[in-house]
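The values are calculated or read from the model by the stated rules, or taken from the named source; none is laboratory data. Keep in mind that this is a model prediction, so the values were computed, not measured. Glycine gets a Cβ as well: all are built from the backbone with ideal geometry, and neighbour counts include every protein chain shown. Ligands, DNA and RNA are stripped out before the accessible areas are found, and what is left, the full protein with its side chains, is counted by its heavy atoms. Shrake-Rupley method; radii C 1.70, N 1.55, O 1.52, S 1.80 Å.
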Amino acid sequence: MFRNKGKSRRPVHNLRLASLLSLVAGIVNVTGFFAVAVLTTDVTGHFAYFADNVIKRDFSGARAFLVYILCYLVGAFLSNTILETGFRLARRYAQAIPVLVEILLLSAVVFPGVDTIHKAATATACILLFAVGLQNATVTRISDGVVNDLLCNAMCI
């Protein structure tokens, strides 16, 4: 699922990766929504909320959505940096590093408990969005965008 990259990937690799991506994204989104009332699957909606708050001159609300967007983008940037460095140093394990980082981040959110999650709601949302940015960029890089196309087409039906 992770070893084959780009054109050497077969449809079964992409289907497995898309299934795993959907499962993890669903768990992350449910966690974010129920624990801290923030949708954490993607940031498309956060741009709209950011713009709406700017228009309403609610700059503290706009700042929160800007931080969410930046956390997602930093996660995506870090994923690509890890992959590029990993491909040069240890090609065989390059894709495992961002996945391991994501596992550690999601574990850091889940294991402290519900009280800690509620007390650190913004930090929790930021960690989840960072992890989603990391995951989406990793999957896009591994599959040359094929998996993202599969998911988009499935959701658009």
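Key figures for this structure:
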| quantity | calculated |
| --- | --- |
| Amide H contacts of Val38 (H built 1.01 Å from N, under 5 Å, at least 5 apart or other chain) | Phe33 |
| Å² of accessible area per residue within the range 74-118, as computed with a 1.4 Å probe and no ligands counted | 65 |
| Net charge of neighbours whose Cβ lies under 13 Å from the Cβ of Ser79, counting Lys and Arg as +1 and Asp and Glu as -1 | -1 |
